[in-house]
Amino acid sequence: MAYLLRFLLALMVVGILLVTGVSFGWLDITFGHIQLAIPAFLYVIFIQAFVMFYFIGVARLVENVWTALNSEHNLKELFDEPPQDLDPYKKKVARYVHESQLSKRQTVPWTMLMLVLGTIAFLLGGAHDTGLVSKVVHSGVAFGFIAAMVIGFVRQWYYLGKSHLLLREMKSLFGISRNSM
């Protein structure tokens, strides 16, 4: 899943770079930057929601495993035959909980900032097109969106890799197939 999300994030950056290149006149294609911005921003909304829910889902899965280990009522969900000493498992899963929470805390705010700035830039683009705001206002917010997107992209890329390895490690710890969630 992490590889798919990384590919979709790379497509998002390419799409926004295309819109930016057309708006500055660096690229000459048949569509204007307004016609490109509409599907590009819809795609940004889609992929950012997808990435955000991936990190939320990983954190929730790890928390469920932590809860099952600590309550000791649902150990059959994790083990065929539960061991007597759960301390090594608890120690490792506590580290997984911390790492998954960290991944979520480091990526979701950038996702939200991208969505907010992108929406404002999109709306200000329409306001500029109708003459309600100056080009400087729209461009400034668009540059803010691009800066947030670049920082968010780097963080999401990094933490997608860390979360992927965390899931792989946790699945091997409990003998869960790599293909199951």
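The values are calculated or read from the model by the stated rules, or taken from the named source; none is laboratory data. All of these numbers come straight from a predicted model, not from anything done at the bench. Glycine gets a Cβ as well: all are built from the backbone with ideal geometry, and neighbour counts include every protein chain shown. What goes into the accessible areas is simple: the full protein's heavy atoms, side chains included, and nothing from ligands, DNA or RNA. Shrake-Rupley method; radii C 1.70, N 1.55, O 1.52, S 1.80 Å.
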Worksheet entry | Search result, residues across region 110-145 that are of a type in the set (S, T, Y), out of contact with any Gly (no Cβ under 8 Å at 6 or more places or on another chain) and open to solvent by less than 40 Å² (accessible area, probe 1.4 Å) | S139
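Each row is one residue, and each column tells you yes or no for (1) surrounded by 14 or more Cβ atoms within 10 Å (Cβ to Cβ); (2) part of a helix (DSSP H, G or I).
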position: L4; (1), (2): no, yes
position: F7; (1), (2): no, yes
position: M12; (1), (2): yes, yes
position: G15; (1), (2): yes, yes
position: V22; (1), (2): yes, yes
position: T30; (1), (2): no, no
position: Q35; (1), (2): no, yes
position: F46; (1), (2): no, yes
Worksheet item: Hey, does region 82-94 have a residue that's under 18 Å from F24 (Cα atoms), among the aliphatic types (A, V, I, L, M) and free of Cβ contacts under 8 Å to residues at least 60 places away in the same chain?
Response: no
Practice prompt. For region 61-84, state whether one or more residues are closer than 30 Å to L11 by Cα, at pLDDT 85 or above and assigned to a helix (DSSP H, G or I).
Written response: yes
Worksheet entry | Residue check, E77 without any contact (Cβ under 8 Å) to a residue 60 or more places away in the chain and at positive phi | no
Worksheet item: Under the condition of being of a type in the set (D, E, K, R) and touching a helix residue (DSSP H, G or I) at 6+ places or on another chain (Cβ under 7 Å), which residue from region 55-109 is surrounded by the fewest Cβ atoms within 10 Å (Cβ to Cβ)?
Response: E77
